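The values are calculated or read from the model by the stated rules, or taken from the named source; none is laboratory data. All values reported here derive from a predicted model rather than from experimental measurement. Glycine also receives a Cβ, built like all others from the backbone with ideal geometry; neighbour counts cover every protein chain displayed. These accessible areas exclude ligands, DNA and RNA; they are computed on the full protein's heavy atoms, side chains included. Shrake-Rupley method; radii C 1.70, N 1.55, O 1.52, S 1.80 Å.
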Amino acid sequence: MAGNGWKVVMNQDGVTISSDLFQLTTNSSESTQLGSVVTELQGVTRDAYGQYCGLARAAEMIGERWGLLILRDLLVSPKSVTELRMGLPRISADLLAMRLREMEFSGVVRRQDPTRDLDQAVYELTEYGRSVEDVLLALSRWGAMTLATPRPEDIVTEDSLVVALRSTFRPEAARELTVGFELRVDGNVVHAVVDHGNLTVNAGPLPGADVIVELGTVLKGMLSGAVDIADAIATGQVTVTGDAALLDTFVELFQLPSAPAPVIPS
């Protein structure tokens, strides 16, 4: 803080942060106030990259911590603050509010009803925000190529599954097909309907699904070809209800390339 020319004073009247350009005073002397004020100011005043570059500008708008995952979940459907926090349980309420304000200011998201209180608002992507879809799906596919054994803290959500299916879909393999899949992964249920090359993916069950597949994180290995389908069924890693042959069709329709081997200098 000192390097930026800011002065911080704490006394019985509260916390005051000031510089030659501004002065901000809280109404409490609690030490926790200082942390929240500093966090807020850092989010609002963070440095720009100082480059006239589209990638730099994109990173300024959505590249901060949690920004991409907020976009991911809103790409699936509009959500309230409460719903966003359910899908992103490790984000704090203050940080989520800050990210939403930043993206609203940048024209990436908007409140469906601007007159509602921020904590009750429902957020959705703007038309400009939705235009990031192809980039986001490509980035999801790129990152998924390196997924290994889940870390203890890793979770799977319905929104992450929806985006995973959308990012791995191969429309060229589905031109003549009409089929419905229901996937159950670690307590999450999503469904995918393929209709002559067009894909619709949503959270929740699919009445009349042609096949219901229950599985865990073995899904990634199936889509990349690292896991043999017959072995996965035989060992109980995958349970199929309905036409089991459609599991082969599923893997044909949703594929994830293997990560390229790293180039190690000799």
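So the values come out like this:
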read-out	value
Selected residue (only one of Arg99, Arg72, Arg90 is part of a loop (DSSP other than H, G, I, E, B) and either over 15 Å from the mean Cα position of the chain (by Cα) or among the charged types (D, E, K, R) (or both))	Arg90
Test: residue in the stretch 214-234 that is modelled with pLDDT of 95 or more and over 25 Å from Leu84 (Cα atoms)	yes
Unique residue being in contact with a strand residue (DSSP E or B) (Cβ under 8 Å, 6 or more places away or on another chain), assigned to a strand (DSSP E or B) and at pLDDT 95 or above when the list is Leu165, Leu199, Leu161, Leu84	Leu199
Selection within the stretch 168-196 - assigned to a loop (DSSP other than H, G, I, E, B), open to solvent by 50 Å² or more (accessible area, probe 1.4 Å) and within 24 Å of Asp134 (Cβ to Cβ)	Arg170, Arg175, Leu177, His196
Residues satisfying the stated conditions in the stretch 65-106, i.e. among the basic types (Lys, Arg) and within 22 Å of Thr200 (Cα to Cα)	Arg72, Lys79
Yes/no for Leu256 being surrounded by 20 or more Cβ atoms within 10 Å (Cβ to Cβ) and not in a helix (DSSP H, G or I)	yes
Residue pairs meeting the criteria (Cβ under 8 Å; at least 6 apart or on separate chains; first closer than 16 Å to Met98 by Cα, in the stretch 52-63; second open to solvent by less than 40 Å² (accessible area, probe 1.4 Å) and not in a loop (DSSP other than H, G, I, E, B))	Met61/Gly67; Met61/Glu102; Met61/Met103; Ile62/Leu71; Ile62/Met103
So Leu246, is it farther than 25 Å from Lys79 by Cβ and in contact (Cβ under 8 Å) with a residue 40 or more places away in the chain	yes
Answer residue from the stretch 123-146, given it is of a type in the set (Gly, Ala, Ser) and either in a loop (DSSP other than H, G, I, E, B) or under 15 Å from Leu161 (Cα atoms) (or both) and is nearest to the chain's Cα centre (by Cα) among those	Ser140
Hey, Leu84 open to solvent by less than 30 Å² (accessible area, probe 1.4 Å), under 19 Å from Asp159 (Cβ atoms) and without any contact (Cβ under 8 Å) to a residue 24 or more places away in the chain or not	no
Options Ala138, Ala230; residue that is surrounded by fewer than 14 Cβ atoms within 10 Å (Cβ to Cβ) and within 27 Å of Val108 (Cα to Cα)	Ala138
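For every residue, the table says whether it meets (1) out of contact with any Gly (no Cβ under 6 Å at 6 or more places or on another chain); (2) polar (S, T, N, Q); (3) within 21 Å of Thr149 (Cα to Cα).
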{"position": "Val193", "(1), (2), (3)": "no, no, no"}
{"position": "Gly216", "(1), (2), (3)": "yes, no, yes"}
{"position": "Lys220", "(1), (2), (3)": "yes, no, yes"}
{"position": "Ile233", "(1), (2), (3)": "yes, no, yes"}
{"position": "Thr241", "(1), (2), (3)": "yes, yes, no"}
{"position": "Leu253", "(1), (2), (3)": "yes, no, no"}
{"position": "Pro257", "(1), (2), (3)": "yes, no, yes"}
